[in-house]
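> Input: one structure, supplied below.
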Amino acid sequence: MTGAPKFTRARKSDDRLVFQFAGVGPEDMTVSVILPGDFPHEDLLVLGPVLEDAGVLTPGYVPPPIGLCHSEGFLYEQSVEHRETILLPDRNIVSRWARIAKGAPADDASRLAAGVLALAQCLEIKVEPSVAFHELASGQSNESANDEIAWFRAADNGVPRQWLDYALGRIATLPSALHPHALTNHDLAYPLRRWSRNYAVALKIGQLELDGLSPLHRMLGLLDWMEREFIVAGPAALMACLYFAPHSPPRKGLLKQLKSADRERALAGARNVAWDITYLSDFVRRVNEAEGKLIRYLFATMDKSLQLLAAGLFEYGGDGFRPDILQRDMARWWPAADAKAISARMDALFVIAAASVDSPRERRDGDFVTDAISRGEHSLRSFRP
């Protein structure tokens, strides 16, 4: 809610559920939103705090005062402000939806994933899972991705009340048998341009880790490389702040098997990190492109590191880069002097990037990315544990 309207009450009237909002517009009108009487209002009041406590949803906008996952906030924005909300889930959430649709029994993670879909279904939030399917196709095959698309569509068109019951622990499996939609034949395995850039950065992060430098010099070395040889990649730089931090940052799972005797496992870990960065950069891109429009985006993940990074992207840079806020938060994982040096270097780098957005290097997307990937893969393959 962008103004000062307040939700006043929800009441049953015959076979309808009436929501009233007071103080709408300059005339302080009271606006009623009428929904069917079986709208699961009480269940959504239970589900909303569960999702908020888990941090599974990150908004690319300022949430309404009533709360991010409060149904009245979405109803007001849709019905009165005419806003559209689009959900961007990561692969783990989408894959859990598909497994639930196939009849998988419930566990804590699947109930949380089901809660995300139930919220979207009940509140007419559109779901855009394309990056998740590109990741699956890249890691497995087009056949696997197209099969999961068919099961995702079955889940997305399921009965909202059943997904709510599953999410809230009332049932162990969906009671209605779901069937996959018709198989498609999308080619989703080709490299996304954004992913290729992020893969190059992930390889560089791995190379700096293996070079044996101090954490501060690894981080500054990455930022120097971005300025001199690559492009400024904000989400990747923020992830590196966590990965290189010396004081127990939430970096579990980043660059798996970096020092494995099987060097192809190290490359596989870099590819996984590149997908994590791609979710974040795609989220930021969509939010930026929606500026001034009546479209809002929510990013959905159960990965704690991605939750932290997604929130940080808007806290530190939602309205211009804020090095003071970044420095404050980084002090949890970095010595104070290092946090100050890194935030100052990032501030200077983003100023340069903003001034050179139309430079030839920013416009090209061919050889310099390919060359960076080739050098990075060679460096990781050459390492001897």
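> Shape of segment 21-132 from its Cα gyration tensor (a ≥ b ≥ c, root eigenvalues): rounded if a/c is under 1.5, otherwise prolate when a/b > b/c, or oblate? Walk me through the numbers before you get to the answer.
On the way: a/c = 2.25, a/b = 1.89, b/c = 1.19.
Prolate, because a/c is 1.5 or more and a/b exceeds b/c.
> Tell me which label goes with the value of percent of Cα pairs over 35 Å apart computed from the coordinates here: (i) 32; (ii) 43; (iii) 37.
(i)
> For segment 87-173, what does the alpha-carbon gyration tensor say about shape, rounded, prolate or oblate, given a ≥ b ≥ c as the root eigenvalues, a/c under 1.5 as rounded, and a/b over b/c as prolate? Don't jump to the answer; show the numbers that get you there.
Values: a/c = 2.04, a/b = 1.55, b/c = 1.31.
It is prolate, given that a/c is not under 1.5 and a/b is the larger ratio.
> Using amide H atoms built 1.01 Å from N in the peptide plane, name the residues 5+ places from THR85, or on other chains, whose amide H lies under 5 Å from its own.
Residues meeting the criterion, in which the H sits 1.01 Å from N, are LYS126, ARG296.
> Above 19 Å lies some portion of the pair distances; for segment 147-217, what is it as a whole percent of all C-alpha pairs? Please list the in-between numbers first.
Numbers: 1567 of 2485 pairs.
Considering segment 147-217, 63 percent of its Cα-Cα pairs are separated by more than 19 Å.
> Heavy atoms of the protein only, probe of 1.4 Å, neighbouring chains included. What is the accessible area of VAL80 in Å², nearest 10?
40
> Then there's this: Give the distance, in whole Å, between the Cα centre of segment 168-239 and the Cα centre of segment 48-72.
Between the Cα centre of segment 168-239 and that of segment 48-72, the gap is 25 Å.
> Round to a whole number: what % of the accessible area of segment 188-233 belongs to carbon and sulfur, probe 1.4 Å?
Values: 890 of 1830 Å².
Of the solvent-accessible surface of segment 188-233, carbon and sulfur hold 49 percent.
> Could you please state how large a percent of the accessible area of segment 287-352 is carbon and sulfur, counting protein chains only and using a 1.4 Å probe?
Values: 1740 of 3200 Å².
Carbon and sulfur together cover 54 percent of it.
> How much accessible area per residue does the chain have, in Å², with a 1.4 Å probe?
46
> Net charge within 12 Å of ARG218 by Cβ-Cβ distance, Lys/Arg positive one each and Asp/Glu negative one each, not counting ARG218 itself? Provide the component values of the computation, followed by the final result.
On the way: positive: LYS204; negative: GLU209, ASP211, ASP224, ASP338.
That sum, taken over residues with Cβ under 12 Å, equals -3.
> With all protein chains present, calculate the accessible area of LEU168 using a 1.4 Å probe and round the result to the nearest 10 Å².
50
> Whenever you get a sec, line up HIS378, HIS70, HIS41 from highest to lowest accessible area (probe 1.4 Å, protein heavy atoms). Present the calculation step by step, with values, prior to reporting the outcome.
Values: HIS378 125, HIS70 50, HIS41 20 Å².
Ranking HIS378, HIS70, HIS41 by accessible area, largest first, yields HIS378, HIS70, HIS41.
> A follow-up question, please. Tell me the accessible surface of SER382 in square angstrom (1.4 angstrom probe, heavy atoms of protein chains only), to the nearest ten.
About 60 Å², ignoring ligands and nucleic acids.
> How many lysine pairs does the chain hold where the Cα atoms are under 22 Å apart and the two sit 8 or more places apart or on different chains?
Counting lysine pairs in the chain gives 7.
> Relative to the longest principal axis of the C-alpha atoms of the chain, give the angle of the C-alpha long axis of helix 215-229, reported between 0 and 90° and rounded to the nearest 10°.
Rounded to the nearest ten degrees, it is 90.
> Further question on the same structure: Just from the alpha-carbon atoms, what are the Rg and Dmax of segment 130-264 in angstroms?
20.5, 58
> Determine the shape class of segment 231-278: with a ≥ b ≥ c the square roots of the Cα gyration tensor eigenvalues, call it rounded for a/c under 1.5, and otherwise prolate if a/b is greater than b/c, oblate otherwise. Could you put the intermediate results ahead of the total?
Values: a/c = 2.34, a/b = 1.31, b/c = 1.78.
Oblate.
> Also, I was wondering about something else. Treating each Cα of segment 187-344 as an identical point scatterer and ignoring solvent, apply the Debye formula and state log10 I(q)/I(0) at q = 0.15, 0.18 Å⁻¹.
The computed values of log10 I(q)/I(0) come out as -0.82, -1.19.
The values are calculated or read from the model by the stated rules, or taken from the named source; none is laboratory data. Because the structure is a prediction, the values reported are computed rather than measured. Because the Cβ atoms are built from the backbone with ideal geometry, glycine has one as well, and the counts that use them run over all protein chains shown. Accessible surface areas use protein heavy atoms only, side chains included; no ligands, DNA or RNA. Shrake-Rupley method; radii C 1.70, N 1.55, O 1.52, S 1.80 Å.
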